[in-house]
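First the structure, in the form of structure tokens, and then the observations on it.
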Amino acid sequence: MKRKILCATLLSCSASAFAVSPGGDNCGWGNMLFEGQAGIVSHFLALTTNGTSGNATFGMTTGTNGCSTDGNLTYGGKEMVNLSAILDEFSEDAARGQGEAMNAVAVSLGIEPADRTAFSSMVHDNFSDVFPHENVTAAEVLQQLIDLMKQNEQLEKYIS
């Protein structure tokens, strides 16, 4: 039973390890207690301290504990959907103009439901640009999608 609890705790903590923590880098008692220390153990203990006591939430609400909600959250990890894993399905959906893979890519790009039809149409209408040759890579497809979205008045808001 203890092993299951430990595994659940580690899994829940690891999900937030790739993002800048809400409230900022210096937010919470865990950061105060382990200030100046480096390494995964120190970061894990600071994260656990902040997560289990709720002090970071309190700090963001009250503006204490070194917390601030002024900055933008960032994400430095991998894309939510690994396009290379669904590239074949995505190309088929792009040719049709709709489908589950098309929807998954739209969701991973943060496109709201109201704009997903426009995204699907854009991809379908520009199929030969998105898939210029048979051996196109996922990175090339993603870059082409971003370039096309920058040129689209309705979809450019999703590209930062």
A46 vs. criteria among the small types (G, A, S), modelled with pLDDT of 60 or more and under 24 Å from the mean Cα position of the chain (by Cα): yes
Top-ranked residue in the range 131-160 [being β-branched (V, I, T) and over 17 Å from the mean Cα position of the chain (by Cα); ranked as surrounded by the fewest Cβ atoms within 10 Å (Cβ to Cβ)]: T137
Filter result for E92 (assigned to a helix (DSSP H, G or I) and over 21 Å from N152 (Cα atoms)): yes
Output for the range 95-135, where each listed residue is touching a residue at least 40 places away in the same chain (Cβ under 8 Å) and assigned to a loop (DSSP other than H, G, I, E, B): L109, G110, I111, F131
Extreme residue, nearest to K157 (Cα to Cα), among residues of the range 136-145 that are out of contact with any Ser or Thr (no Cβ under 6 Å at 6 or more places or on another chain) and assigned to a helix (DSSP H, G or I): L145
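Yes/no matrix, rows are residues, columns are (1) surrounded by 17 or more Cβ atoms within 10 Å (Cβ to Cβ); (2) out of contact with any strand residue (DSSP E or B) (no Cβ under 9 Å at 6 or more places or on another chain); (3) of a type outside the set (D, E):
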site: D88; (1), (2), (3): no, yes, no
site: S91; (1), (2), (3): yes, yes, yes
site: A95; (1), (2), (3): no, yes, yes
site: M102; (1), (2), (3): yes, yes, yes
site: D129; (1), (2), (3): no, yes, no
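The values are calculated or read from the model by the stated rules, or taken from the named source; none is laboratory data. Note that the structure is a prediction, hence the values are computed from the model and not measured. Neighbour counts run over all protein chains shown; Cβ positions are idealised from the backbone, glycine included.
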